[in-house]
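One structure is given here, and the rest of the page talks about it.
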């Protein structure tokens, strides 16, 4: 049996209250993995981590270990036997930890996961750093084709140890089209790159025109925290000036988001940056919502023809598209009925892909080590 050790970034809170995309993805994949019993997760200390998963949380020593991520990793290394041969170490979103490990001990089966743009991350920004990863990693996993393409910028060689394994989320069987309410949602971080202001500009026009609809904003500038950024404060003040059918709810738990999505009709994902994946869009599809999103990055791969993609999005284009939908219940139902067609993100399917990949990687690693 293969043992799996998963290293999370320091910023990830591996708990129901505060978990963001990477933690949710890891949790979902473990639940249905055949290696669940031999999988351990390591990260920042949290009081109440996800149930039924072997998690070790470290209190970091930032100054002593030269950074929070290095502190987690060094404490992890102090706990394990690096000579153990039946283990895969999976490092998520921290390529410089990959280099740190293999500079200390190069005979390790290490898989590096990218959830964000490799060209923006310490340890994979340069071509030479990425070539080093390709030559030393037992496997490299990207959550979208967009991220894999970014990784291979200026690299023409081909490699057979790269994989695309998207994040997973089961379809919500409690989401029933006939029970949907007239609710439009924005869910996510209240930061400029998520395009929240475009949604606010749109509902300035639409909330009065469609008074029988509710327009909600869910999220905070830093998920799980109450402290508000200046941008978030501006968004809240703008929303307060609008009609009674507009509401800012701030941060809510993943379970509450799921419940609200199951009842809501439309999800707006107006990102103005190149989304590496777009977990929120999958949440919308899994809850039979019409997803209206920007045609950017990995978001385009998820929405495809199941929802509405807006190229070069701005507030005017978003307003126009939302108005078209709100004026047509037929159009709304058409997209809602498409959400589960060839749905490829179910947790069992993704976990099976991941486990097959692990076996392939581990077999090749063992063969090359003999």
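The values are calculated or read from the model by the stated rules, or taken from the named source; none is laboratory data. The structure displayed is predicted, hence computed values, not measured ones. Note that we place each Cβ from the backbone using ideal geometry, even for glycine, and neighbour counts take in every protein chain shown.
Condition check: under 23 Å from residue 318 (Cβ atoms) and in contact (Cβ under 8 Å) with a residue 24 or more places away in the chain. Does residue 141 satisfy that? It is false that residue 141 is under 23 Å from residue 318 (Cβ atoms) and in contact (Cβ under 8 Å) with a residue 24 or more places away in the chain.
Scanning the range 161-200 for residues being surrounded by fewer than 18 Cβ atoms within 10 Å (Cβ to Cβ), farther than 22 Å from residue 22 by Cα and either modelled with pLDDT under 95 or within 26 Å of the chain's Cα centre (by Cα) (or both) gives a total of 5. Being in contact (Cβ under 8 Å) with a residue 12 or more places away in the chain and either crowded, with 24+ Cβ neighbours inside 10 Å or part of a strand (DSSP E or B) (or both) is true of residue 275. Just wondering, is there one or more residues in the range 314-327 that are out of contact with any helix residue (DSSP H, G or I) (no Cβ under 6 Å at 6 or more places or on another chain) and under 19 Å from residue 24 (Cβ atoms)? No - not one qualifying residue is present in the range 314-327. Among the residues of the range 292-318, those that are crowded, with 19+ Cβ neighbours inside 10 Å and part of a helix (DSSP H, G or I) comprise 299, 300, 302, 303, 318.
For residue 224, the stated conditions do not hold, so it cannot be described as buried (at least 18 other Cβ atoms within 10 Å of the Cβ) and either at pLDDT below 95 or outside the structural domain of residue 114 (by TED's automatic domain parsing) (or both).
In the set 170, 197, which member is over 27 Å from residue 227 (Cβ atoms), touching a residue at least 40 places away in the same chain (Cβ under 8 Å) and outside any strand (DSSP E or B)?
170
Is it true that some residue in the range 346-359 is touching a residue at least 12 places away in the same chain (Cβ under 8 Å), under 27 Å from residue 118 (Cα atoms) and not in a helix (DSSP H, G or I)? Looking through the range 346-359, at least one residue is touching a residue at least 12 places away in the same chain (Cβ under 8 Å), under 27 Å from residue 118 (Cα atoms) and not in a helix (DSSP H, G or I). Looking across the range 183-194, not a single residue is without any contact (Cβ under 8 Å) to a residue 40 or more places away in the chain and in contact with a helix residue (DSSP H, G or I) (Cβ under 7 Å, 6 or more places away or on another chain). Scanning the range 243-270 for residues that are touching a strand residue (DSSP E or B) at 6+ places or on another chain (Cβ under 8 Å), modelled with pLDDT of 90 or more, within 26 Å of residue 227 (Cβ to Cβ) and surrounded by fewer than 19 Cβ atoms within 10 Å (Cβ to Cβ) turns up 247, 249, 260. Could you say whether any residue in the range 75-90 is touching a residue at least 24 places away in the same chain (Cβ under 8 Å), over 18 Å from residue 40 (Cα atoms) and within 18 Å of the chain's Cα centre (by Cα)? No: zero hits.
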